[in-house]
C-alpha cells in the first residue's frame, strides 16, 4: 500500500481548522449480558473463557429466542449519562439496526436510534499544557456488542483474502454504551491531544463509576475518531463550510488516538491542499506504521432500516431512580484531580506529569493499595512510562496498581533496590507473575546477609590496598571504588548504602588490625 | 375403544384419566393410531414422535398411580404447531431453511404443557413462517381440510386445526398473527382463540411479526380451549412483552357461561356483502340465539377497520424482514454453498434463495422496502398511525358494548390452488381477524354451523378488550351450549367419515 502523503502539521494548521468528533464504546462489566442471562466476558470473573461458551439462545440468534433488558446495565448507563452531564430520557426505546454480518447473530443489532437514554451533556477535559476544554456530548446510548471474527488465511487478517473465518459469539450481547460527542471546534493544534485527553477522561469516569474494566487493550474501551478539516476563511470572509469527515476505527490506546488524529489532519491537509477531495469513509488505524488505510466507504445514505424493537418495552427510568443514581455519583474527574493533587502534596509539575501520562487512576489506585504517593508517582511516570514507550503501549496495560504497590513495599522494606525493582517490573510486564513471584523466580532480592557482603568487601579492600590507605587517611569518597566492586560482585543485589557503611567499618577495623 | 377415546373432548378425557378408567398410554396410542390411519390423507403433521409420546404418557400414568396430584389435562395428548420450538424435536416453521434443525430448548408454552403433564404427539403443518391463510405455503406440502379433502384447512395453522378436526389430537397449540388460529378454526368447524397480546409467552415461538404474534389454543370445544389457555397463559420473564399480572380461570368463565345482560356489538363494517351468504346467515342466526339467551345486540361502527389489511401488510413484512434475517446458514439450519465455494455473503444468498419459498421472499422484499430510508415515514410510520386509529375504534366500541361479534372470515374453505396465484385475494381472508392483532385484543372463533350453499363449516368471532379474555369464554361457551343443543350434538359429528381414507392409507402403508 502506497504511503499517504502528509503535510507538515504546523503548515496544515495554518491552512485548515481541524474539527473532531469522537465515538467511544464502553463495555459494561455487568455479570450478565445486555439482553441474555449468559455471563458477560467483559466482567473480570469470566475472562479467558473458551470461544462460544458464554452464550444463551439469544446470543446465537436461535429461532424463537427473545431479548430481555439487563436492568443493571440500564442503571449503569444512566449513571454514566449523569456523569457526562447529560439529561436522562423519561422514556426511550431500543431499535433494530439491520445489516448482515456473520458476527451479528440476528443480523440486526439492538441499539438505540432516535431515543437515546442520555443526551445533551458536557465533559471537562484538561490537556497536558493546562488548557481546559468543555467537550460537548450529543448522546450516550445502550446497545449490544457483536461477536468476534478471526479470519484465517490471507495476509491482512481481514475478511478479504481470508480462506475461512471463525466466529466467537462470547462477545455477542456484551452491554455497550456508545458515547458520541458533538463536533469539537477550537482544538486547533491541540486537537490530537484533546482527543487523547477526552478518552482518558471518559476512562477515568467509567472507572470511578466502577461500571467497566476500561482496559483499552482488551477492547473494554474503544474509540472511533472522526476528523475533518475546514479551510480557514480570509479575514472578513464568512466561515468556510465544514469539510468531509473520515472515521478512523480500531484506535485502541491513548497514544494511538493522538497519533491517529494527527495523522488524519496531515493526510487530509495534503490532499485538500492539492485540490483533492476527501472521501467519506471509515479508515483503519495501523499501530505499527502509525498510518490509516481506507476501509468501507461510508455515507449518510447507509441504510440500516432502523425501527423500534418490537420485542422490548420502552425503558422508562423513574425520576426517583435517576435522582438516586445522581446522588450516588462519584466526584467529577476535574474536582477529583484538584483534591488528589492537594492530598498527595504534588507540585504542579509533578501532578501534570501524572495527568499527562493518563496515569491518574493508576497512581490513585496504587496509593489506595498502600504505596506512598511519591513512590506511586515515581514508578508510573518513570520506569513504567519508559517501558510503555519502548513497547508502544499504555503503562496500564503492563502492570496493575496492586503490582506497583507491592513493588514499592518491597523497595521500602529494603528487599529491592531501585535498580532491582526496575528488573522486577520488566518481569511483571512480561507476565512472569507478581513482583514477589518475579523476585523469587529470578532471585533478585537484595543480599542482606552482612557476612556475604563483608567477605566481598574484605576481598575488594585486599585487592585495592591504595584505596584502603586513602580511606584510612580520611578520604572517605575513595570508598566509591570499593563499593562499585562489591556491587558488581553481588550482581547489583545489594543495598549500596549498607555496603558503604560496611566498607567504612571494615576499612577502620582492617586498619586497626594492621 | 380407541375410536371412542379419540372422540372425547380434552376435558372428558382428563376426567376419565383422573378416574383411572383410561390410561394416558391408551389415550396416546389411540391418537397415534388415528394419526397413522388418516394423516396420509390429511397431512396435518410434519413430525410425529410416538415413542417419546408413549414414554411421557407412561410416566404420567406412573405418577398418577403413585398418587401425585395432577392437573385437569395431565395425560391428555396435544399437537404443537411447528412454529413453536421443541427441545429434541425438529422445528421447521414449515420452511426448508430450518430442515433438520433440532432446537436445544422448549418454547415457554410447550414447557408449560409438558409441566401440566400433557403428552406432545408431534408438530403440525403450517404456511412457511406462518405466512398464509391456507397452509399451501408450507415447504412440506399442504394440509387437507377433513371436511373436504380438496379444500384448504385455513392457515397458517391449518395443521393444528385439521389435526383436531380429524380427531388426531384432542387439542393443539397454534399461533395467530393476523388470524392464523381463528380462520382455520372457522373453516374446520373447530374452536380457536387468540389471547390478549402478552397473555401467552412468545419465548420460543419462531417470530413472524413480533408485535402481532400470539400463541393460543386450537380445540373442538370452548371449555377445552379455556383449560388449555389456563395452562399456557401467564407471565414469563423471558418475554418482556408478556403481561405480569395473574389471570382469572378461563375454564371457570366457560362453566359459568351466561349471556344475560351481555351487550354484544355487531361491527357493521364487517357485516357486508363481501361475506358469503351462508357465512352471514349463520352469523345472524347465532346472534339471534344469543339474543334469546338474554344478550343485547347493538350495532357499532369501526370506521378504520377497512385500513387494517393495508396497515397489517406493511407492519408484518417490515418486522418479518428483520426477524427472518437470522436465517443465514451461519449457525443453524440449511446451508447451501454455491458451486466452487463462495464468500460468506454468497453462501448466505444461496441459502436464502434455496431455503425460502416465494411468499416468504415476497414479504421480505416488501418489508425491506417499507423500512428503507426515505420510505419509512410513508409506509411503516403511516401503518403505525392506522394501528393507533384501529385501537381507538376498539376503545370507542368497548365503551358501548362488552364484546364485539363478526363473522370470522369472509368465506368457507376454498379449494386448494384457488387463490395461490392471487396474493391479494388470499390476504383478504384475514379482513375480520387482523384488527384484533393490530390492537392486541383477544378473539375467539366458535363453530356457528354449516353454510347451506356448500355444507362447509362457518365460524363466528367474538372480540373483547385487552385482558378481558374471560368475556370471550363466557359468550363462546354460552353460544356453543345453545348451538349444540339445537344441533343435537357437536358440529364435528357431521364431518365426513375419514375411514375410507383410513382404508386407503392402510393399503398404501402410510404411517
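So the values come out like this:
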{"item": "Odd one out for residue B:68 among (1) under 23 Å from residue B:27 (Cα atoms); (2) within 14 Å of another protein chain (Cβ to nearest Cβ)", "result": "(2)"}
{"item": "Members of region A:178-205 that are surrounded by fewer than 20 Cβ atoms within 10 Å (Cβ to Cβ) and either in contact with a helix residue (DSSP H, G or I) (Cβ under 8 Å, 6 or more places away or on another chain) or within 19 Å of residue A:18 (Cβ to Cβ) (or both)", "result": "A:180, A:182, A:183, A:185, A:186, A:188, A:189, A:190"}
{"item": "Index of the failed condition, residue B:272 passing every other in (1) away from every other protein chain (no Cβ under 14 Å); (2) touching a helix residue (DSSP H, G or I) at 6+ places or on another chain (Cβ under 8 Å); (3) in a loop (DSSP other than H, G, I, E, B); (4) under 30 Å from residue B:132 (Cα atoms)", "result": "(2)"}
{"item": "Only listed residue being in contact with a strand residue (DSSP E or B) (Cβ under 6 Å, 6 or more places away or on another chain) and free of Cβ contacts under 8 Å to residues at least 24 places away in the same chain, chosen from A:141, A:151", "result": "A:151"}
{"item": "Pair list, Cβ < 6 Å and 6+ apart or interchain, from region B:347-369 residues that are surrounded by fewer than 21 Cβ atoms within 10 Å (Cβ to Cβ) to residues that are part of a helix (DSSP H, G or I)", "result": "B:357/B:128; B:366/B:317; B:368/B:321"}
{"item": "Search result, residues across region B:210-235 that are buried (at least 24 other Cβ atoms within 10 Å of the Cβ) and within 14 Å of chain A (Cβ to nearest Cβ)", "result": "B:212, B:213, B:214, B:215"}
{"item": "Members of region B:171-212 found to be within 19 Å of residue B:311 (Cβ to Cβ) and in contact with a strand residue (DSSP E or B) (Cβ under 6 Å, 6 or more places away or on another chain), listed by number", "result": "B:176, B:182, B:194"}
{"item": "Filtered residue count, region B:374-400, keeping only those that are in a loop (DSSP other than H, G, I, E, B) and either more than 14 Å from every other protein chain (Cβ to nearest Cβ) or buried (at least 17 other Cβ atoms within 10 Å of the Cβ) (or both)", "result": "3"}
{"item": "Odd one out for residue B:294 among (1) away from chain A (no Cβ under 14 Å); (2) assigned to a helix (DSSP H, G or I)", "result": "(2)"}
{"item": "Test: residue in region B:171-178 that is within 21 Å of residue B:10 (Cβ to Cβ) and within 14 Å of another protein chain (Cβ to nearest Cβ)", "result": "yes"}
{"item": "Hey, residue A:152 in the same structural domain as residue A:24 (by TED's automatic domain parsing) and surrounded by 22 or more Cβ atoms within 10 Å (Cβ to Cβ) or not", "result": "no"}
{"item": "Qualifying residues in region A:299-328 (those that are away from every other protein chain (no Cβ under 14 Å) and not in a helix (DSSP H, G or I)) - the one farthest from residue B:376 (Cα to Cα)", "result": "A:328"}
{"item": "Verdict on residue A:296 being in contact with a strand residue (DSSP E or B) (Cβ under 6 Å, 6 or more places away or on another chain) and in a loop (DSSP other than H, G, I, E, B)", "result": "no"}
{"item": "Complete set of residues in region B:299-345 that are more than 12 Å from chain A (Cβ to nearest Cβ), touching a strand residue (DSSP E or B) at 6+ places or on another chain (Cβ under 8 Å) and not in a helix (DSSP H, G or I)", "result": "B:299, B:300, B:301, B:302"}
{"item": "Subset of region A:15-72 (residues that are within 14 Å of chain B (Cβ to nearest Cβ) and either in contact with a helix residue (DSSP H, G or I) (Cβ under 6 Å, 6 or more places away or on another chain) or in a helix (DSSP H, G or I) (or both))", "result": "A:34, A:61, A:71"}
{"item": "Selected residue (criterion: nearest to the other protein chains (Cβ to nearest Cβ)) from residues of region B:346-373 that are over 25 Å from residue B:132 (Cβ atoms) and part of a helix (DSSP H, G or I)", "result": "B:347"}
{"item": "Scan of region B:71-98 for residues that are touching a residue at least 60 places away in the same chain (Cβ under 8 Å) and more than 13 Å from chain A (Cβ to nearest Cβ), ordered by number", "result": "B:71, B:72, B:73, B:74, B:75, B:76, B:77, B:78, B:79, B:96"}
{"item": "Restricting region A:74-124 to residues that are farther than 19 Å from residue A:311 by Cβ, in a strand (DSSP E or B) and in contact (Cβ under 8 Å) with a residue 60 or more places away in the chain, the residue that is nearest to the other protein chains (Cβ to nearest Cβ)", "result": "A:88"}
{"item": "Residue within region B:187-199 that is part of a helix (DSSP H, G or I) and under 16 Å from the mean Cα position of the chain (by Cα) present", "result": "yes"}
{"item": "When residues of region B:239-260 are limited to those that are within 14 Å of chain A (Cβ to nearest Cβ) and out of contact with any helix residue (DSSP H, G or I) (no Cβ under 8 Å at 6 or more places or on another chain), the one nearest to residue B:468 (Cα to Cα)", "result": "B:243"}
{"item": "Selected residue (only one of A:447, A:486, A:467, A:499 is part of a helix (DSSP H, G or I) and under 19 Å from residue A:421 (Cβ atoms))", "result": "A:499"}
{"item": "Wholly within region B:415-511, helices (runs of 4 or more DSSP H) carrying at least 3 residues that are at pLDDT 95 or above and under 20 Å from residue B:182 (Cβ atoms)", "result": "B:434-439, B:469-487"}
{"item": "Helices (runs of 4 or more DSSP H) lying entirely in region B:1-115 (those with 1 or more residues that are over 23 Å from the mean Cα position of the chain (by Cα) and surrounded by fewer than 19 Cβ atoms within 10 Å (Cβ to Cβ))", "result": "B:2-6, B:10-19, B:24-42, B:50-65"}
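Matching residues to (1) part of a loop (DSSP other than H, G, I, E, B); (2) outside the structural domain of residue A:42 (by TED's automatic domain parsing); (3) farther than 21 Å from residue A:400 by Cα:
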| residue | (1), (2), (3) |
| --- | --- |
| A:195 | no, no, yes |
| A:198 | no, no, yes |
| A:202 | no, no, no |
| A:217 | no, no, no |
| A:223 | no, no, yes |
| A:230 | no, no, yes |
| A:234 | yes, no, yes |
| A:239 | yes, no, yes |
| A:243 | yes, no, yes |
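Results for (1) over 30 Å from residue B:366 (Cα atoms); (2) touching a strand residue (DSSP E or B) at 6+ places or on another chain (Cβ under 9 Å); (3) in contact (Cβ under 8 Å) with a residue 60 or more places away in the chain; (4) surrounded by 14 or more Cβ atoms within 10 Å (Cβ to Cβ), shown as yes or no for each residue.
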| position | (1), (2), (3), (4) |
| --- | --- |
| A:239 | yes, yes, no, no |
| A:251 | yes, yes, no, yes |
| A:261 | yes, yes, yes, yes |
| A:284 | yes, yes, no, yes |
| A:292 | yes, yes, yes, yes |
| A:309 | no, yes, yes, yes |
| A:325 | yes, yes, yes, yes |
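The values are calculated or read from the model by the stated rules, or taken from the named source; none is laboratory data. It should be emphasised that the depicted structure is a prediction, and the values quoted were computed from it without experimental measurement. In this analysis, Cβ positions are derived from the backbone assuming ideal geometry, glycine residues included, and neighbour counts consider all displayed protein chains.
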